[in-house]
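Have a look at the structure below, then the notes.
The values are calculated or read from the model by the stated rules, or taken from the named source; none is laboratory data. These numbers were taken from a predicted model, which means no experiment stands behind them. Positions of Cβ are generated from backbone atoms using ideal geometry, with glycine treated the same way; all protein chains shown enter the neighbour counts. To get the accessible areas, we keep the full protein, side chains included, count just its heavy atoms, and leave off ligands, DNA and RNA. Shrake-Rupley method; radii C 1.70, N 1.55, O 1.52, S 1.80 Å.
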Amino acid sequence: QVQLVESGGGLVQTGGSLRLSCAASGSVVRLNTMSWYRQAPGEQRALVAEITSNGSTNYADSVKGRFTISRDNAKNTVYLQMNGVKPEDTAVYYCAAAQRWTNYRGNKNDYTYWGQGTQVTVSS
């Protein structure tokens, strides 16, 4: 079992910056891709950024060039640096981590753990 706890959210003005953190605890082994999602009221949860175990990254077009995802495997923590924020970035931001599992037959699958979320509000 893995627990994820986000922190760093809050109120920020348009053009400002925030840094979100997500710390993993519990059975923190075999964590592969870690990612950030966000969900605004009445909307679907959407991928913001993800980072693989070897450091490869992928970003939503809406945040490309403004947000940066990084991870510290020694601390079991993933970060999201948010620069030049816009009102449309307002949402609850969720951390996710995929853990690899293998059964007795050798079949592999990933299970995704989710954090509770942290609110980010960008004022005009």
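Computed quantities for the displayed model
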item	result
Rounded percent of accessible protein surface that carbon and sulfur make up, the stretch 28-124, 1.4 Å probe	45
Three principal axis lengths of the stretch 40-95 [C-alpha, angstrom, descending]	35, 21, 15
Backbone HN-Hα couplings from phi across the stretch 57-72 [Karplus 6.51/-1.76/1.60, Hz, Gly and Pro as x]	10, 8, 10, 5, 4, 5, 10, 4, x, 10, 9, 9, 9, 8, 9, 10
For GLY117, distant residues with modelled amide H under 5 Å away	GLU6, CYS95
Integer Hz, Karplus 6.51/-1.76/1.60 couplings in order for the stretch 11-19, x for Gly and Pro	9, 9, 7, 3, x, x, 10, 9, 10
In sequence order, calculated HN-Hα J values of the stretch 80-92 (Karplus, 6.51, -1.76, 1.60; Hz; x Gly/Pro)	10, 8, 10, 10, x, 5, 10, x, 5, 7, 4, 4, 8
Euclidean distance between Cα centres, the stretch 38-74 to the stretch 6-32, Å	11
16 Å Cα-Cα reach of LYS86 towards aspartates and glutamates, excluding residues that sit fewer than 8 places from it in its own chain	ASP61
Proximal aspartates and glutamates to LYS75, defined as alpha-carbon separation beneath 15 angstrom and excluding residues fewer than eight positions away on the same chain	GLU6
Local electrostatic count at PHE67 - Lys and Arg +1, Asp and Glu -1, tallied over other residues with Cβ under 12 Å	+2
Residues whose placed amide H lies under 5 Å from that of THR90, excluding near-sequence neighbours	VAL122
Peptides 85-94, 38-47, 5-14 ordered by average Cβ neighbours within 10 Å, highest first	85-94, 5-14, 38-47
10 Å binning of all Cα-Cα separations within the chain, expressed as whole percents from 0 upward	14, 45, 29, 9, 2, 0
Unit charges on C-beta of K, R, D, E only; dipole of the chain, Debye	360
